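K.L.:
Quick one: the structure is below, and I'll ask about it shortly.
Readers should treat all values here as calculations from the given coordinates under stated rules, not as data from a laboratory. This one's a predicted model, so the numbers in the text were calculated from it and none came from an experiment. Virtual Cβ from ideal backbone geometry, glycine too; neighbours counted across all protein chains shown.
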Amino acid sequence: MAVATEPRPWTPDQPIIQLIDVHKSFGALEVLKGVSFSVKKGEVVCIIGPSGSGKSTLIRCINALVPVTSGTILVENIEVADPKLDKLALRRKVGMVFQQYNLFPHKTALQNVMMAPMHVLHQDRGEVEERARALMKKVRLTGKEHTYPGELSGGQQQRVAIARSLAMRPDVMLFDEVTAALDPETVKEVLFTIRELAEEGMTCMLVTHEMNFARDIADHVYFTDRGVIVEHGPPDTIFSAPRDPRTQEFLSQVL
Amino acid sequence: MSPKNTPARADAPLPVLLPFRIEPTRLGTPRLAPVHALLFGAGLALLAGTAWAQAVDTRLSPLDVIIKWAPLLLSGFAFNILISMIAMAIGTGAGLGVGLGMLSHNPVLARVCWALTQFFRNAPWLVLLFFVMFLVPFQITVFGVRIPLPDWVKATVGFSLPVMANVAEIVRGAVRSVPSTQWEAAESLAFTPRQTMWRIILPQCVKRMLPPWMNLYSLVTMATVQASIVGVSEMLTLTAQVHTAEGGRPELFAPLYGFAMFCFFLYCYPIDRFTARLERRFHIR
Ligand SMILES: Nc1ncnc2c1ncn2[C@@H]1O[C@H](COP(=O)(O)OP(=O)(O)O)[C@@H](O)[C@H]1O
Ligand SMILES: [Mg+2]
């Protein structure tokens, strides 16, 4: 059980995300079996591992889309598992991008980006629109503001989805296999956008199958299998000299 | 038709019938257009006229009877439309509430709304109409003010009950058909469930709900003639009265009721076509 404590004010020298012995079960199926790690501000963390190992579940626990069974998750010292959690406070700090983009199909690209700041944060429309246009430019989609998601390519939709998350001005971005549904040419555009974000100092947690990208961009790589972190370390160590046989086997299959 | 196109088969019709076989047209299955409706109406009038011409009488011809009474009959028809629109408005509002209630996380509310929907969806409309006619008083008193409830108001309420149940089912189905990933995306952007429903889910559902909703409207319009059974002066009631006023002549029966049918057809057919077009368009997207 999480002990309800007054959150200490968070300072940037403390971990921005901290997981302590997180367990998650769906019924009888234990998907996370005691996961602990921490992410520093500005760090880029990649999570790799075979499908079904609990990567999506892990990342969803961090913004409380999935409630944990036991353990502690702190985001800027906010206890995510606290039943009295202020979800709005948490979710404006944590942006999330999904594999299937999940844009709102009845709204244009620009409206998709503007919706949450306007209706959730009740910010001024003019200011939000200005920011949304700037974000569309940032993801290199100027000119597509008034296009509906159905008329955009997968890569374009995914970049709108990134802009939509950024519009809430999060401190952390979570990416769950955001290029897995894209065709190879458009993967590059999306990875380019993520790289830019990372270089600007955004704290990023990525679940990815793009091993070269992970190796290139990550400060730290976690290899998960069957609900546990098997091995972690700097990308060069993980990719060049994995110690655990499971990591070795996985990498030999995907590289 | 050349023999080349019709190889002789054991089950082929007698050759003598072949010339009468209708070639499939370019359009495929014959489609009805408003012009057909006009032809239908004209045919009806002609039929009435010729039937009359055979009888030797100085009384008004059926066509003249229709023309004479058309203003009254059409005012009755307008009443049918009014009842259908009000019933639809009430039923849609209530149905939206009941439909969302069925989707509520509150199990009691969800069960109650589900039961309401099932009950009113599976009761004959006429029986519901009778119930409302007999259970609702002819006037109600609100804050000392007596509000009379004429029969047509009660009938409208009676029709709005099945509308409510059907709309509730349309809403429930449409909301359920939106992928759960839309809810997740909204949740991750800090939308509350209520905001998600009204700003993200329901607007997406409008497209899916419109064709069945318009279809329901057509059905309600046609059902409003049932109000004649409980004495509302709508078109069917007036048609019967006109028939009596004209001496109940048997040869007037078909023209008068044909006129009523024609009015409903003219009104409902375009709605039906439009619905089909919407359906096709939404299907392609
Ligand atoms: N909502 C859920 N209900 C039941 N089982 C689930 C649910 N979400 C995920 N799982 C199961 O948890 C396991 C891990 O899933 P997931 O976290 O999606 O893995 P990954 O993202 O690594 O492929 C899988 O066996 C999956 O079937
Ligand atoms: Mg996954």
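K.L.:
Please list 3J(HN,Hα) in residue order for the stretch A:214-222, calculated via the Karplus relation 6.51 cos²θ - 1.76 cosθ + 1.60 where θ = phi - 60°; whole Hz, with x for glycine and proline.
P.N.:
Karplus-based 3J(HN,Hα) across the stretch A:214-222 equals 4, 5, 6, 9, 6, 8, 8, 10, 10 Hz.
K.L.:
To continue, here is another question. Give me the distance in nm between label points sitting 7 Å out from Cα along the Cα-to-Cβ direction at B:A78 and B:N106, one decimal.
P.N.:
Inter-label distance under the simple model: 4.3 nm.
K.L.:
Using the Karplus curve 6.51 cos²θ - 1.76 cosθ + 1.60 with θ = phi - 60°, what ³J(HN,Hα) values do you get for each residue of the stretch B:108-115, in whole Hz, with x for Gly and Pro?
P.N.:
5, 4, 4, 5, 4, 5, 4, 4
K.L.:
Could you tell me the relative contact order of chain A? Use alpha-carbon pairs under 8 Å, at least six residues apart, and round to a whole percent.
P.N.:
Once divided by the residue count of chain A, the mean separation gives 25 percent.
K.L.:
Continuing with this model, one more query. Using a 10 Å cut-off around each Cβ of peptide A:96-107, what is the average number of partner chain Cβ atoms that fall inside?
P.N.:
5
K.L.:
Let me ask something else. Tell me what the protein assembly as shown gives for mean residue ellipticity at 222 nm when only DSSP H runs of n ≥ 4 count, each as -39,500 (n - 2.57), the sum divided by the residue total, rounded to 500 deg cm²/dmol.
P.N.:
Helices in the protein assembly as shown give a 222 nm mean residue ellipticity of -17000 deg cm²/dmol.
K.L.:
Okay, next question. Can you work out the PRE-style zone for B:I140? Point 7 Å along Cα to Cβ, and I want the residues of the stretch B:161-186 with backbone N under 13 Å.
P.N.:
From the stretch B:161-186, the list is empty.
K.L.:
Cα-Cα over 27 Å: which of A:K41/A:K188; A:K33/A:K138; A:K33/A:K87?
P.N.:
Checking Cα-Cα distances, A:K33/A:K138 exceed 27 Å.
K.L.:
Let me ask another. Based on the Kirkwood radius over alpha-carbon pairs, what value in µm²/s does the Stokes-Einstein equation return for the translational diffusion coefficient of the protein assembly as shown at 4 °C and 1.567 mPa s?
P.N.:
Diffusion coefficient, whole number: 44 µm²/s.
K.L.:
For A:S70 and A:E196, compute 0.36 nm times the residue count separating them, minus their Cα-Cα distance, and round to one decimal in nm.
P.N.:
41.8 nm
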